[in-house]
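Visitor: First the structure, then my questions, so here it is.
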Amino acid sequence: MAEGETHPTEGPKPRSKLLLAVVIVVLLLAGGGFAAVLLAGSANQPPTAAFTYLATGLDLSVDASGSSDADGTISAFAWDWGDGSSAAGRAASHTYAAPGAKTVTLTVTDNRGTTGRRSETVQIEDRPIARFTVSRDLIHVDVDGSASQAFGGATITTYAWDWGDGSPAGSGVTASHDYATEGRKEITLTATDSRSATGTAIRVTSVARTTVDVVMYDFFQLPYEEWWYSLRGPVYGDRVLSNATPHTNLYPWAGDLNDTFVYTNFRQEITGRNVSGYSVGSPVFMPVLNGSVPASPTAEMTVDWYFQYIDSRRRQQLIADGWFISNGWMDGFLAEWTMWVAMDYDTSRRTFNVTGDPSAWWAANTVAGPAQGWLDSYYGNWLETLGKDTFDAWNAFEWYYTVFYIDVSAQVVQNPDGTNTTIAKVYLVSWGQEVLIARWFYWGTGTYPDGTPNGWRREEVAWYEDLTFNATLGARMDFDLSGIMGYQFIVTANPGPDGQWKTPDDEPMWAWYPQLMDYIYSEPAHPKSEMDRWIGYEAVNTHPGSPYYGQMYRIDQAFVAWGLVAGETITIILSAGDFLWYRPYTSYWDPGLQTPVFDTFLAPAKFRGFVPAGIGTWDDATRTGVIAGPVIAGGGNPPLEGLPRFEFVPRT
């Protein structure tokens, strides 16, 4: 059995600043008492035992989360390891004394004392387990196989590395390699132990002279803050469905309040290296006030951002510090954004039009706090022009991009060599800043919404909270981004084995796929919208609880078909534990209450697959999926679904 192979076994925003009251009713059909009332007097059905297992050397771990009882609940799990020992609990683990075929038996007991049983023969091997990590820097990789294991008293004696490009093999517990060509690379480690037994592991990476790596994790684990559960609901209709793990929330689509979306948040980290299109000469997310000053080819600018929504406690702190925050601004999307920029004198001349003595210039052109100096006003007007015209935020936000406060300041530091470094700070309180961030990253200097995007990001989503962005700009840009992402990992469904929608075998799913920021079609006052590409198109609505579920319905999201290029990777690390699942056939829209009624249950998740199939790799042992470019995502023009797609279904 290959390392990481898991075996399953089975036995028999409406953002229009209008007050919206939405009541969400969650129907839970998983209680023993409820089932007993319905089935009183009927014969007890035995529970079904089912389990997955993972063998790693002499160690075996098992999980019976897929077991079920049709007319009650399971109250006990008993394990027989096949070697005279036993254990109890839904999940358990065991270490065998010797390799060989082992018969593992699970016995489950329901709340009325009836049992169900399942046995599986598991092959336990004491061959070495090869494990390694890959660290990639453009076309250079470093590998580390120190996590590999030997068993039965043996030790790992040799490590052989196949780089996947026909070059001579590497050796040693750690090794390095420089690739001659860009692209997707499979690296194979063969670990040999002192008995000459071997184990292998394969990892996929993508090398290029520009790289962007997206990693997503902590699904369902992140509590909703006040802006979710208190501030957004009265204005936009957002509702927190569960603020305990697994966390989920609901958003009624502004294009039709009945069309409901259910999401969970997750943590996202993105690393970019040697990215083109962003430089000291053209930073994109900063103005250039004096383009006649040439950008030095050796100059560097460091940029550090922090973005966060404002809750009631933070509002009171700001008011106490002299920044009046009206209660009417507190819609859950009021945010503060702080940016620090370090640059040399000539770069400050080009960027901010600094002249003469820099300390004197900054003192003369800025005013600390809420009051406005010349530069404060200019910078605020530049942002408002972007947010209201160039990148009009309305159709991604349903309101105007608004700068409430901007405060630009700087400190000039004298260097030992006689030069100086300016550290500028831009502090902003606004509506719609997340839309500008998304546009800067996706469109770059391209023309929104009908031109060719030329930003570093291949999808346009920035519903971030707790966002940090640290970058170094020279002739190109290196950056690291980290934040909590909302409105993307979504509840959906598939039609099940019969291939027919709105039938009892419809299967609940969670999915991740790329999309654009706009979700509202254009109107005369706001004629720019990415959604307009989908005017006249329809697709099957796959949102449980929507009145349109299972029917052809207008497109309600702007999709992206992201064909990853060399150097781009997408990684999802799936959280352990139960997901909250929304049954598509028995969830429904209540026209009287004007709200979805959800039929939910808890169960662990399993990976259903990629769309397109085979576009990536999935490791069930680490619950990690990776797509490495170059890949062809497909999709039409416009695409009628976001691609590529990670899909997850209940593990039952």
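Visitor: Which value, in nm² and rounded to one decimal, describes the direction-averaged projected area of the C-alpha convex hull of the stretch 541-596?
Guide: Values: hull surface 26.2 nm².
If you wrap the Cα atoms of the stretch 541-596 in a convex hull and average its projections, you get 6.5 nm².
Visitor: Now, a different point. On the first, second and third principal axes, largest extent first, how far apart are the outermost C-alpha atoms of the stretch 133-196 in Å?
Guide: Principal-axis extents of the stretch 133-196 (Cα, largest first): 41, 20, 15 Å.
Visitor: Summing +1 for each Lys or Arg and -1 for each Asp or Glu, what net charge is found among the other residues whose Cβ lies under 13 Å from the Cβ of Glu269?
Guide: -3
Visitor: Could I ask something else about it? Report the charge-dipole magnitude of the stretch 130-198 in Debye, nearest 20, computed about the Cα centre from +1 at each Lys and Arg Cβ and -1 at each Asp and Glu Cβ. Display every interim value, and only then the final one.
Guide: Working: 5 positive and 9 negative charges, 54 e Å.
Roughly 260 debye, rounded to the nearest 20.
Visitor: Related question: In which sequence would Ser68, Ser529 go, from the one with the fewest C-beta neighbours within 10 Å to the one with the most? Don't jump to the answer; show the numbers that get you there.
Guide: Values: Ser68 20, Ser529 23.
Fewest to most other Cβ atoms nearby, the residues stand as Ser68, Ser529.
Visitor: Further, regarding this structure: If you average the C-alpha positions of the stretch 563-613 and of the stretch 334-391 separately, how far apart do those two centres end up, in angstrom?
Guide: Using only Cα atoms, the two centres lie 44 Å from each other.
Visitor: In what order do Val611, Val62 fall by count of nearby beta-carbon atoms within 10 Å, going from fewest to most?
Guide: On the way: Val611 19, Val62 25.
Going from sparsest to densest Cβ surroundings: Val611, Val62.
Visitor: Starting from the Cα of Tyr345, step 7 Å along the direction of its Cβ; do the same at Ala368; then give the gap between the two resulting points in nm.
Guide: 2.5 nm
Visitor: Please list, by residue number, every one of the chymotrypsin sites (Phe, Trp or Tyr not before Pro) in the stretch 56-159 that is coil in DSSP and has at most 13 other beta-carbon atoms within 10 Å.
Guide: Numbers: sites: Phe77, Trp79, Trp81, Tyr96, Phe132, Phe151, Tyr159; in loops: Trp81, Tyr96, Phe132, Phe151.
Counting only loop positions with at most 13 other Cβ atoms within 10 Å, none of the chymotrypsin sites (Phe, Trp or Tyr not before Pro) in the stretch 56-159 qualifies.
Visitor: Under 19 Å between alpha carbons, and skipping anything fewer than 8 positions from Lys606 in its own chain: which aspartates and glutamates qualify?
Guide: List returned: Glu3, Glu5, Glu10, Asp63, Asp218, Asp505, Asp506, Glu507, Asp578, Asp619, Asp620, Glu647.
Visitor: Rounded to the nearest 20 Debye, what is the dipole magnitude of the chain about its Cα centre when Lys and Arg each give +1 and Asp and Glu each give -1 at the C-beta? Write down the numbers at each step before the final one.
Guide: Working: 41 positive and 72 negative charges, 53 e Å.
Around 260 debye, computed over the chain.
Visitor: Given Cα positions, please report Rg to Rh for the stretch 280-455, the hydrodynamic radius being the Kirkwood one. Don't skip to the answer; put the middle values down first.
Guide: Values: Rg = 16.9 Å, Rh = 17.3 Å.
Checking Rg against Rh, the ratio lands at 0.98.
Visitor: Could you give the dipole magnitude of the stretch 171-218 about its Cα centre, charging the beta-carbon of Lys and Arg +1 and that of Asp and Glu -1, in debye to the nearest 20? Don't skip to the end; give the middle numbers.
Guide: Values: 5 positive and 6 negative charges, 29 e Å.
About 140 debye.
Visitor: For the chain, report the % of Cα-Cα distances exceeding 39 Å.
Guide: Values: 88628 of 212226 pairs.
Tail of P(r) above 39 Å: 42 percent of Cα pairs.
Visitor: Give me the Å³ per residue figure for the convex hull around the C-alpha atoms of the stretch 428-559. Intermediate values should be presented prior to the final figure.
Guide: On the way: hull volume 21.4 nm³, N = 132.
So the per-residue hull volume is 162 Å³.
Visitor: Then there is this: Would you mind ranking Thr211, Thr445, Thr155 by Cβ crowding within 10 Å, fewest neighbours first? Intermediate results must be reported in sequence, preceding the final value.
Guide: Working: Thr211 24, Thr445 13, Thr155 10.
So the residues, fewest neighbours to most, are Thr155, Thr445, Thr211.
Visitor: So how far, in whole Å, is the C-alpha centre of the stretch 247-306 from the one of the stretch 134-189?
Guide: 34 Å
Visitor: Let me ask you something else. Based on alpha-carbon atoms only, what is the radius of gyration of the stretch 31-124 relative to the globular estimate 2.2 N^0.38 Å? Show your work: numbers first, answer last.
Guide: Values: Rg = 15.1 Å, N = 94, 2.2 N^0.38 = 12.4 Å.
Here the Cα radius of gyration is 1.22 times the empirical estimate.
Read-outs: derived from the displayed coordinates by stated rules, not from any lab. Bear in mind that the values here come from a model prediction, so they are computed numbers and not experimental data. No Cβ is skipped: glycine too gets one built from the backbone with ideal geometry, and neighbour counts run over all protein chains shown.
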